[in-house]
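The values are calculated or read from the model by the stated rules, or taken from the named source; none is laboratory data. Treat the numbers as computed from the prediction; the structure is a model and nothing was measured. Cβ coordinates were reconstructed from backbone atoms using ideal geometry, including for glycine residues, and neighbour counts include every protein chain displayed.
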Amino acid sequence: MEEEQIYVLADDTRAVVFETRGVTKVYHMGEVDVHALRGVDLQLYQGEFVVLLGPSGSGKSTLLNILGGLDTPSSGEVHYRDHDLSAASERELTEYRRHHVGFIFQFYNLIPSLTARENVALVTEISQDPMTPEDALAMVDLADRMDHFPSQLSGGQQQRVAVARAVAKRPEVLLCDEPTGALDITTGIKVLEALERVNRELGTTTAVITHNAAIAAMANRVIHIADGRIARIDTNADRKQPGELEW
Amino acid sequence: MRAINLKLLRDLWHTKGQALAIVMIIASGVALCVTQLAALETLRHARASFYTGQRFAQVFANCVRAPAHTVQDIRSIPGVDVVEARVTLEVMLDMPQLREPATGRLVSIPDGQRPALNDLDLRKGRLPEPGASGEVVVIEMFAKANGYQLGDTVDAVINGRRKSLRMVGFALSPEFVYSIPAGELMPDDRRYAVMWMNQTELAAAYDMVGAYNDVTLTLLPGASEREVIARLDDILRPYGGLGAYARKDQVSDWFLNNEFAQLETFGVFIPLIFIGVAAFLLHVVLSRVIATQRDQVAALKAFGYSNLQVGLHFAQLVGVIILLGGIVGTLLGWWLGGLLVGIYGDYYHFPTLVFRMPPWVPVSAVAITAIAGYAGTFGAVRRAAALPPAEAMRPEAPPTYRATIVERIGLQRWLAQPTRMILRNLERKPFKSALTVVGLALAVSILVMGTAFMDVFLHVIDVQSNVMHREHLTVTLSYPRSRAALHELESIPGVVYAEPTRAVPATLRFRHRHRRVAIQGIPADARLSRVLNTELEPIPMPPQGILLSRVLGDALEIRAGDELTVEVLEGARPVRQIGVVALVDDFMGVTAYMDLTALNQLMQEGDVISGANLLTDGKDERAINDELRKRPMVGAVASKAAIIGNLRKVIEENLMVSLSFNIGFAVIIAFGVIYNAARVSLSERARELASLRVLGLTRGEISYILLGELAILTIAAVPLGFLLGDIVVGVMLTTLNSEVMRFPKVISDTTYALAASAVIVSATISGLLVRRRLDTLDLVEVLKSRE
Ligand SMILES: Nc1ncnc2c1ncn2[C@@H]1O[C@H](COP(=O)(O)OP(=O)(O)O)[C@@H](O)[C@H]1O
Ligand SMILES: [Mg+2]
C-alpha cells in the first residue's frame, strides 16, 4: 500500500524520462520496404514500470532498441531527458548506453566464457558509480552461484544474472525485451520479481516487452502496440505482484 | 584482471587447437627468418671484423714477373695507401694418403714477419724463421682436414723440383676464408693448401729474386678504385699483368657474397610464405570467432562498450596469437641460429664466430608478421566493430542453399542425400572453399619446394659429371705447350684417351662493362668436356666467334650477335673484336668458350694446349696420378670423382640444414591449414549435424558429410599445389642463381608424390581428430544452444 501512495504522489510531479514524437523506422529489404514503426508518440515517466504489449512483428523491439540507443529512427524525434537521441552520434549513443541504460534480452546474451560475477563485472568496470557485482547478484538471489559459468546455470538463473548485469551500474532506465520469453512460469516469475524489486528499490524506470498479456497486470501502464503504432495505453489502478500473475 | 580481458583469454583457450596451429605456423616462419638472418648477421659481422683486423687488401693484381722497382710506381698512384708485393705460386702436392691429386698455393711473406696486408691470424705455432729452409705456415683448415700436427711435412713440386715443406704454423687469412683451387669452383679443404713461405726462399726457388708476380694494396679514403685499377694495369701491362681487380671480384670474397645472398633469400623468401599462410588462417579463425559471437558483440555494445573497444578486443586476440608466435619463433630461432652458426663454424673460416642476434632481426620478423596478420584480419575486425547492435541481436538469417551445378545438369539421380549436402555446402560458400583450397595448396607447394631442391642438386651433379664432363682427370700444364704433350699423356698406362684444353685469361669488354674471365678452348670434336644446350645436347663449337655463360652475357649486358672486345692477358696479348654466337645455360662459374683452333689462331701461337682431359680405364686412378706428378710439365691434376664428392659435401653442408627445416615446417603448415578448416566446418555445422543424428543418421554418416567436404577440398588442392610449387620453385631458383651456380628447374615425380601424400596424411589425421569430436558431439547441448 505504501508504494501505491508514493506512486500517486510522484504522479503529480512526475518527470518525463523519454519522449518520442512521430518516430518511424523503415527497413529496406531489397525492393520491399518494411515499415516497422509508423509514427510513435510516447512519454515514459520517471520510476514507472511499463509493459509494451503486442503481437510478434508489431515493432516492439524496434521501439525499445531506439529508446535504448541501439538503433536510430528513420524519422521523428527521441529525447531522453535533455539528450536528443535522434540526433546523437555513434559515440554519444555509446556514452548514453554506458551510463544510463540497462538491457535485458530474451536470450540473456551472457558471455559464455565469463562466470556470473565476471559477466556483471564486464559492465561495472566501465560504469561510474556501480554496485559491486556481488551486491548485484545478491539482489537477484544468486549470491551462491557467482562463480558459475552460464552453461552451468538454468535459463532462469542466466536471466537473473542478466538482470544483475543490467542493474549493477544503477541505470536510470531498464529496458527488457521479452525477458521471460524463453522461460517457464515459475522461473519467469522469479525474473519478474527481480525486475519489480529493482524498480521499487532503486526507482529505475523500467520498460518490459512481452506478448504475454498476463504480465501486463504488474505494470503501472500498459502500452499496446500493433502494426508499428501505439494502439492504446491502459493505466493499472491496481498493480499485481509477479507472484499473483495468472499465466 | 578486467572481465573483457578474461573473456579474451578464455576465448583464446576455447579455440586453443586452432590458435596453437597458427602460433606454430607463425613461430615457424619467424624462427626460420630469425635463424637465417641472425646467422647471416653473425657471418657479416665476423667477416667485417676479420677484414679490418687483418687489413684485408682492396685491390689485387697478378702478373708474370715485374721488377721490384715498379712497387715504387704503384705506391705513387694517387689514392693508394699500403702496397704489398709478393710471389705466389700454384704447386702440386704429393700426399700419398690421398687418392685424389692435391694442389697448393705458396704465398710469400716478408722474411720472418707478418705481412703488412692480408695479415695471418696465427692459430698455432709460429712464422718461418728468417733464413730457415722449407718452413711454411699452412692454412688451418687444410691441417685440420688432413690431421696434420705442427712439425709434419708435406712434399711439393716447385718449379719441377720436389721440396719437403715443414709446417711450423697454422693460420687463417682474410684472403682465403674460402680457399678454392685454381680453376675449380668449390673450396676443398683436404686437397688444397694455402701455404706462406719466406719471401727470400720462395723467390729463389721460383726464379723471382728482385721481382714479384702478385701485388695487393689498400686505398686511402675517398680514392677512386676504378682509377687506381686502371693505373695499376698500365704499370703491370709490360710485365704480363693479368688485370687488376677489386675486392668484390677476389675469389674468396666473391664466394662469400654469393653465399650471403643465398642465405638472405632463404631467410626472407620462405618465411614470407609461412607468414602469408598464418595471415590467411588468422582470417579464417577470427571470422569464425566473430560470427559465433554476434550476440556477445551486441551485448557488449548494448552495455556501452564502444565500437573501438569491441574492435580492439578482437584485434587483441589476433595480437596475442601473433605475439605468442613471435616469442616462440624468436626463442626457437635463437636456439636454431646458435646451432646453425656452430655448423657454419666448420665451413666459414673466420677466427671467431660469435652468434649475434641484433634486436632488429626478431623485431622486424614479428613486425612483418603483425602487418600481415592484421592485413588478413582487418576486414573481420572492422566488421565486428561496425556491427550495428540492434542487428547483431537478431539471429543471422538462415543461409540460402540451392541445387548445385552437378544437380542442375541432371546428375542428381546419382547422388545420395549426404553427397548432395556436401556439394551444396561447397557451392554455397565458394569463396571460403576456395580459400581453404589455396591454403592447402600452399602447404603442398612448400613441400614440393622442399624436396625439389634435392632433385635440382642431384640433376646438376648428374649432368655435370655424366653429360658435361665425361673425363675422369683434368690436367693443367705448368705452361702452354705444343699438342705433342697429349701423346705423352696418352701413353701413361691406364689413360684411354686425352682431349686437349686451352684456357686463356682475358678481359672481355662490351660498351662500358668488362669482366676478367678464362676463355676455354674446346676442340671441335670434343668427346669429354662439352658445352651443352638446355636439352643437354652438345653445342658444336662454331669455327668463328665466342660463346658466353648466360650470367656473363647478362653481366656484360650483351646478346648473341653483338661483338665484344677480347683483350688477352697472356702471350702476345692480342686485342680483337669477336662476335658472340650464343649465350650458354651452363650451371657453374662464369666462362667464355671458343673453338680450340680459333683460340689458338687468336693467340698466334700455333697448335698449343694448356691442359688435357683424360679418360681412364677407371681402374687405378692413384697410379695415374703418381705418373702424372712425376712429369714437370704437369702443373695440376684434378679428379672429377673428388670434385663431385666435394660438391655434394658442400651442398649438403650448405643447404640441407635449411632445407630440412623447411620440410619440417611445411608439414606444420599443412596440418595447421587442414585442422583449422576442419574445426571451422565443425563449429559452423555442429547444430545441423546434431539434428541429423537426432533424425537417426549414424556417426559414420554425419562424419561423411563433414569430412567428405574436406576430402574434396584436399583433393582439389593437390594439383593447384603442384602448380604453385612449380612457380615457387622457379622463383626461388631464380633468386638463388648466382655466378657460382645456376639451378635448372627439375622436379621429379617422387617429389610431387611425396608432397601430395604428406598433405593427404596430414588431412587424414586432422580429419580423425575432428571425427573424434563428432563422435562425442553432445546432441542435447548443441541443440539447446542458440545460434
Ligand atoms: N534489421 C531488420 N531488417 C529488416 N527488417 C526488420 C529488421 N528488424 C526488424 N525488422 C522487421 O520490422 C518489423 C518489426 O520487428 P520487431 O520490432 O522485431 O517486432 P517485435 O519485436 O514486435 O516482434 C518486423 O516485420 C521485422 O521483420
Ligand atoms: Mg521482438
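Just give me the residues in the stretch A:219-247 being touching a strand residue (DSSP E or B) at 6+ places or on another chain (Cβ under 8 Å) and over 21 Å from residue A:68 (Cβ atoms), in sequence order. It would help to see each step written out before you state the result.
Filtering the stretch A:219-247 down to residues touching a strand residue (DSSP E or B) at 6+ places or on another chain (Cβ under 8 Å) leaves A:219-225, A:227-236, A:239.
Once the filter is applied, which keeps residues that are touching a strand residue (DSSP E or B) at 6+ places or on another chain (Cβ under 8 Å) and over 21 Å from residue A:68 (Cβ atoms), the stretch A:219-247 yields A:227, A:231, A:232, A:234, A:235, A:236, A:239.
Rundown of residues vs (1) touching a His at 6+ places or on another chain (Cβ under 9 Å); (2) at pLDDT below 85; (3) buried (at least 21 other Cβ atoms within 10 Å of the Cβ); (4) at positive phi, yes/no style:
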residue	(1), (2), (3), (4)
B:651	no, yes, no, no
B:654	no, yes, no, no
B:674	no, yes, yes, no
B:692	no, yes, no, no
B:717	no, no, yes, no
*Collect the residues in the stretch A:163-176 that are surrounded by 22 or more Cβ atoms within 10 Å (Cβ to Cβ) and either within 16 Å of ligand 1 (Cβ to nearest atom) or closer than 19 Å to residue A:134 by Cα (or both), keeping them in residue-number order.*
A:163, A:164, A:165, A:166, A:167, A:168, A:169, A:171, A:175, A:176
_I'm trying to understand the selection: among the residues of the stretch A:44-63, which are more than 14 Å from chain B (Cβ to nearest Cβ) and near ligand 1 (Cβ under 8 Å from one of its atoms)?_
A:54, A:55, A:58
*Output the residue which, of all residues in the stretch A:80-99 that are facing chain B (nearest Cβ under 9 Å) and farther than 25 Å from residue A:60 by Cβ, is nearest to the chain's Cα centre (by Cα).*
A:95
_Sole exception among (1) within 29 Å of residue B:488 (Cβ to Cβ); (2) surrounded by fewer than 24 Cβ atoms within 10 Å (Cβ to Cβ) for residue B:473, by number_ = (2)
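Residue under question is residue B:44, and the condition is that it be of a type in the set (Lys, Arg) and within 28 Å of residue B:232 (Cβ to Cβ); does it hold?
Values: of a type in the set (Lys, Arg): yes; within 28 Å of residue B:232 (Cβ to Cβ): no.
Considered against the rule, which asks whether it is of a type in the set (Lys, Arg) and within 28 Å of residue B:232 (Cβ to Cβ), residue B:44 comes out as no.
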*Quick check: anything in the stretch A:26-43 more than 12 Å from chain B (Cβ to nearest Cβ), more than 16 Å from ligand 2 (Cβ to nearest atom) and surrounded by 21 or more Cβ atoms within 10 Å (Cβ to Cβ)?*
no
_Hits in the stretch A:58-74 (condition: more than 9 Å from ligand 2 (Cβ to nearest atom), in a loop (DSSP other than H, G, I, E, B) and of a type outside the set (Val, Ile, Thr))_ = A:68, A:69, A:70, A:71, A:73, A:74
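Scan B:8, B:20, B:32, B:37 and give me the residue that is within 14 Å of chain A (Cβ to nearest Cβ) and closer than 30 Å to residue B:281 by Cα.
Numbers: B:20 fails: within 14 Å of chain A (Cβ to nearest Cβ); B:32 fails: within 14 Å of chain A (Cβ to nearest Cβ); B:37 fails: within 14 Å of chain A (Cβ to nearest Cβ).
None of the other options fit; the residue is B:8.
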*How do the pairs read when you match residues in the stretch A:64-79 that are within 12 Å of chain B (Cβ to nearest Cβ) with residues anywhere that are among the hydroxyl-bearing types (Ser, Thr, Tyr) and more than 15 Å from ligand 1 (Cβ to nearest atom), using Cβ under 9 Å and keeping only pairs 6 or more apart or on different chains?*
A:66/A:86; A:67/A:80; A:68/A:96; A:69/A:80; A:69/A:94; A:69/A:96; A:72/A:86; A:73/A:86
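Can you list the helices (runs of 4 or more DSSP H) lying wholly within the stretch B:215-326 that have 3 or more residues being more than 14 Å from chain A (Cβ to nearest Cβ) and either surrounded by fewer than 18 Cβ atoms within 10 Å (Cβ to Cβ) or at positive phi (or both)?
On the way: elements: B:225-236, B:251-292, B:294-302.
Because the criterion is at least 3 residues that are more than 14 Å from chain A (Cβ to nearest Cβ) and either surrounded by fewer than 18 Cβ atoms within 10 Å (Cβ to Cβ) or at positive phi (or both), the helices (runs of 4 or more DSSP H) in the stretch B:215-326 that meet it are B:225-236, B:251-292.
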*Among the residues of the stretch B:176-192, count how many are buried (at least 22 other Cβ atoms within 10 Å of the Cβ) and farther than 19 Å from residue B:256 by Cα.*
1
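Based on this model, can you work out whether residue A:226 counts as aliphatic (A, V, I, L, M) and within 16 Å of ligand 1 (Cβ to nearest atom)? Give the derivation first.
Details: aliphatic (A, V, I, L, M): yes; within 16 Å of ligand 1 (Cβ to nearest atom): yes.
Yes: the conditions hold for residue A:226.
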*Determine which single condition residue A:224 fails, assuming it passes every other condition in (1) within 16 Å of ligand 2 (Cβ to nearest atom); (2) modelled with pLDDT under 90.*
(2)
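To keep it simple, each residue is scored yes or no on (1) closer than 26 Å to residue B:563 by Cα; (2) out of contact with any strand residue (DSSP E or B) (no Cβ under 6 Å at 6 or more places or on another chain).
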{"position": "B:445", "(1), (2)": "no, yes"}
{"position": "B:463", "(1), (2)": "no, yes"}
{"position": "B:469", "(1), (2)": "no, no"}
{"position": "B:473", "(1), (2)": "no, no"}
{"position": "B:476", "(1), (2)": "no, no"}
{"position": "B:490", "(1), (2)": "no, no"}
{"position": "B:501", "(1), (2)": "yes, no"}
{"position": "B:512", "(1), (2)": "yes, yes"}
{"position": "B:519", "(1), (2)": "yes, no"}
